[in-house]
Structures are given as C-alpha cells and as structure tokens.
Amino acid sequence: MRACLTVLVLVLLLLNILAGCAPGANQFKGTASEHGRVAGFWVGLWQGLIAPFVFVACLFKSNLNIYEVHNNGAWYNLGYLFGVACFFGGGGKQAGRRKRIPTASA
C-alpha cells in the first residue's frame, strides 16, 4: 500500500512539473513591435544564429531578449530553430560519414 502511494505521488509530481513546462499562447503574434515590424523567417534565422551571444549578454543587461515575441508564428520559429541548429553544428558534420572497416585479404 505504501509503495502504491509513493508511486502515485511521484506520478502526480511529474505531471505537475511537465504541465508547468507547457508553452502558452503568444499574445503578440502578428502584431507590430514598437519599430512597426513583425519578425519573419529571416529575422528568426538571424536571431537564432546570435542567440548564444545574446544569452550571455542578457545575463548582464536586463533589457535584452533572445526571442522576438512580435513574430509571424511558424515561419519565425522555423528560422529561429534553424539558426540555433546552424550555430551548434546541427549534427550534419558526422551524419554523412561512415567509418570504413578494413577487410582482410586472403
């Protein structure tokens, strides 16, 4: 009985933690920023490429963000993720290489 209660508490705690990580709706999607622009794919790509540097800078300055909330939705997100993947290599360097196994000649 005690083990069943422990498992139940752990499952509820895990579900609560996962629910806290669920993304909410972006209220500013499709609306212009203070500069009168809505960020699209190319802005997302650029901001994805510079995101690691901006993250370090935002630790010291409170008015910097690494993600533009005034965006057009999926295209901005695609550009942002592609930019971050390009910065960190994206795994493409080793994906096409295969190790050759030397064969023994008889």
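Among the listed residues Leu18, Leu14, Leu49, identify the single one that is within 19 Å of the chain's Cα centre (by Cα) and farther than 13 Å from Tyr80 by Cβ. It would help to see each step written out before you state the result.
On the way: Leu14 fails: within 19 Å of the chain's Cα centre (by Cα); Leu49 fails: farther than 13 Å from Tyr80 by Cβ.
Every option except Leu18 fails the conditions.
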*Output the residues belonging to the stretch 7-51 that are open to solvent by less than 70 Å² (accessible area, probe 1.4 Å), at pLDDT 85 or above and part of a helix (DSSP H, G or I).*
Phe41, Val43, Gly44, Leu45, Gln47, Gly48, Leu49, Ile50, Ala51
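The values are calculated or read from the model by the stated rules, or taken from the named source; none is laboratory data. The structure displayed is predicted, hence computed values, not measured ones. All Cβ positions, glycine included, derive from the backbone under ideal geometry; neighbour counts span all protein chains shown. Heads up: the accessible areas ignore ligands, DNA and RNA and are worked out on the full protein's heavy atoms, side chains in. Shrake-Rupley method; radii C 1.70, N 1.55, O 1.52, S 1.80 Å.
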